[in-house]
Amino acid sequence: MTLESFFQELEEKQTGVESKELLSEGFVIDEIELKGFMRYLDGSSVHFPHKFTVIMGKTGTGKTSLLDAITFALYKRTSRTDLPNVKIEDICKPRGHVKIAFNQGPNRYEVTRGLGSSGTSYVTLKRDRRAIDGTIPEIDAKIQEIIGLDYVGFRNSTFVRQEEMKELGAETGSQRLEIFQKLFRLETFEKAQSLATEKLGLIALDIKGKESELNVRREQLTKLPEKQEELQSLEKEIKAEKDGLGKLEEIVAERERLREELRSKHEEFLETRAKESEASRAIIELSKKIERACEEHQRTQELKDLILGLDEETRDYESLRARWDMLREKGRKITSLEERKQIYERQRRQAEEEHKREMERLSTLLCEQEERLGRITTDIGREEVFSLLKKEGALGERIERIELEMEWLREREDLIAKLKKEREESQRELGEVSARTERISADSFVLSEIQEQVGRIKSDMEREQEEYHLKSDDIEEEIKEIQAQIESVAFGEAEREQLSEVGRVLEAKQQKKEELEQKRRELDQIGDVSKLIEDLTAQKEQKELEQGDLQASVKELQIDKTRYKRIESELKEMEEKRRNLEGIIHEKKGKADQIKREIEDLVRLREQTKELEEKLKELQETSEVLTLLKDKIFHKKGIVMYAINQLLPQLARESSINLSDLTDARFSKVRLTPYEENKGYGIRIDVEGPDGEFHDVQEFSGGEKTQINAALRFAIAKELASLPQVGRTFGRMKTLFIDEGDLGSLDTEVSRELFVKKLFDMGQFFDKVILITHLTEVAEKFPGKIRVYMTPDERSRIEVMT
């Protein structure tokens, strides 16, 4: 590893992205829009048209949240999420977002970041109102490329927070050194030391592995001379084996020539012997055929005698068959009629049983209703009840009407007499009706119901009786008709016995008839074999003559056949020997080729070993370099303190000028010196007092300490703004945010005015200077004023002041 590659890897680890084209212009904020972010639940937006702007409001209203909104939009990080166990979802609600607009050189950019309704994060980027496409990681990388700084570099270069100003006056010098390291990102060198340590450990392992590998390779290379000697010995053995194989192949060629000369005699012998064997097999086959033909001739005579006997026994088969068919048809008809008769008889029994059950059921119901009638205490039914009550009411109304008329007509005696008579008649009739209505009870309504049910039951019994007789008569008629048909068929017991007997005889004759047909077919298949026997006998005699001639020829050819077999056996033995020699030669050539490959591998291994030795040398040199970086360069006593020593004189001069301006020349000299502290390092901050002596910053009052801290932080801000662009660590920023600034500890109006005047002087280095404060008298001095306040339901709101 070279130093160049080491520092390139360190830069990539610091930034997380490759360094691309660096921008010379700086970040200038223009607009912030918030919704659903922290306590800005409602939509709010704020513009920064002025060079100097103040954001004022009470403590806790959400002023500092505007700084978090900027880093959230640009980097998806905030001072809150830097804390443990705080997530993005804790500061941004679903459907919430932050949009910021800023200028970078001639271009205007808009970044919008938020969460969708389902809680999914998103980010968009526009340049001069045109969208830049890409995934979230791609857009994040593009934003960082445009800004020119990562999150920490942007925060240190753009924000001056109240706690940083206070921490500059911390009690120990080591704490002050940590603040300087944080602001100027000198912790990069600590990371470089860690990376150097990590790389040194990896290279040490690599060196150890390569040394072990070299030892193994050197041991393998000692086998090279031995392998070369073994290859020479094998090549000699292969040559000797090849010579022996050549001599054997000459002998084989001579034997093959002799075998070819005898091959025709051998083939003639084989052909003649095959013909003799074929003739012998033919004679045996013909003898078998003659024997089978004689047996079949004997069988034909036996079959003819059997056929004559069976034909006589089955002569009356057809007449018996006709008689049996006629009797069987009558029997089937009788069986069918009897089955139909049984069906109707079952229907008759079933109808009788159903009639009996239904009549019993209806009789039971009738008895139950009659018993209920016996328990009724009145003879007045429901209809009569309604009629009596209606009549009683009408008679009562008539009597009342008559009495009214008698009152009206009391001077008309003739009419009075008629009305009295009519009244008496109505009263008598009312008495009779009342006597009947007195007998009305609850049973009066049940009585009618029971009587109706009794009537229905009797009606059902009469209908059941009538339906039963009709159905029974129909079934009886069917049974009589079927019985008449049975009698007309005339198939009695005698006919049944005759059918059985004829069937038995017919079955026996059927078997005889089938046997007769089978024997006739067998006789037809055999046919006349006399002529066949004569032809087979003649063929056998001819084959026996041919066999004799062939046996004589085989005997003559036997001598040449024996010579051919002997030569063929010798050739097989030689062929086996040749294959063995070829196998030995092939095996040794394979072994020689293997040794050649091993020698080639060892030669290549020798070259690779030289390369490995070179690499080991490079690693050892790199290890020495990394050891130097780890122990001498990146150690705090090395480059870190060197960088601090380079920064402190310029910071001391700028801080002295700032402090003189802030205190109206009461304090005008600041001294920053590094020193060792308990085997560590720190920074001492001394200020010249009115007595002409330098004192530690801790010895001054609260207001004076605030002025000293502000002088230092303004000097650091100016230095950070003046630094050249270096990767993602340092870059020119054109916007400065001061959060609170600890102005409350400045106890005089003059000291606050001087602070504000100095703040305005920072406009020489920044395009926008924005102060966050809760002090109204300070805010009044700024041309741009923004008020942040809290609603009763604890929602942050923004108001632009005129």
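The values are calculated or read from the model by the stated rules, or taken from the named source; none is laboratory data. Quantities reported herein were computed from a predicted structural model and do not represent experimental measurements. Please note: Cβ atoms are built from the backbone with ideal geometry, for glycine as well, and neighbour counts cover all protein chains shown. Each accessible area value is taken on the protein alone, full model and side chains, heavy atoms only, with ligands, DNA and RNA left out. Shrake-Rupley method; radii C 1.70, N 1.55, O 1.52, S 1.80 Å.
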- Query: Modelled label-to-label distance, Lys471 and Lys288, 7 Å Cα→beta-carbon offset: nm?
  - Reply: 8.2 nm
- Given q = 0.05, 0.07, 0.09 Å⁻¹, what are the Debye log10 I(q)/I(0) values for the chain, with equal point scatterers placed on the Cα positions and solvent ignored? -0.73, -0.80, -1.13
- Please report the orientation-averaged projected area of segment 59-139, defined via the convex hull of its C-alpha atoms, in nm². 6.5 nm²
- With the other protein chains left in place, how much accessible area per residue, in square angstrom, belongs to segment 81-157 at a 1.4 angstrom probe? 50 Å²
- Query: Which value, in debye to the nearest 20, gives the size of the charge dipole of the chain about its Cα centre, when Lys and Arg are +1 and Asp and Glu are -1 at the Cβ?
  - Reply: 4900 debye
- Message: Using only alpha-carbon positions, what ratio does the radius of gyration of segment 449-527 give when scaled by 2.2 N^0.38 Å?
- Response: 2.74
- Determine by what factor the alpha-carbon radius of gyration of segment 320-428 differs from 2.2 N^0.38 Å, reporting the quotient. 3.00
- Message: So if I average 1/r over every pair of distinct C-alpha atoms in segment 524-675 and take the inverse, what Kirkwood radius in Å does that give?
- Response: 29.3 Å
- Other residues with Cβ under 9 Å from the Cβ of Leu306 give, with Lys and Arg +1 and Asp and Glu -1, a net charge of -1
- When we measure straight from the Cα of Lys265, which lysines land under 24 angstrom away, once same-chain ones fewer than 8 places off are left out? Lys275, Lys555, Lys561, Lys565, Lys572
- Message: With Kirkwood's inverse mean 1/r over C-alpha pairs for Rh, give me the Rg to Rh ratio of segment 113-152, two decimals please.
- Response: 1.01
- Message: How long are the semi-axes of the equivalent ellipsoid of segment 266-354, defined as square roots of 5 times the Cα gyration tensor eigenvalues? Whole Å, largest first.
- Response: 75, 26, 7
- Just how large is the dipole of segment 194-264 about the Cα centre, in debye to the nearest 20, putting +1 at every Lys and Arg Cβ and -1 at every Asp and Glu Cβ? 240 debye
- Note on the structure: A 1.4 Å probe over the protein heavy atoms gives the chain a carbon and sulfur accessible-area percentage of 48 percent
- Note on the structure: In cubic angstrom per residue, the convex hull of segment 431-483 built on its Cα atoms measures 65 Å³
- Item | Heavy-atom surface of segment 332-422, accessible at 1.4 Å and reported per residue (Å²) | 75 Å²
- Message: Sequence gap at least 6, Cα distance under 8 Å: using those rules, report the relative contact order of the chain to the nearest whole percent.
- Response: 28 percent
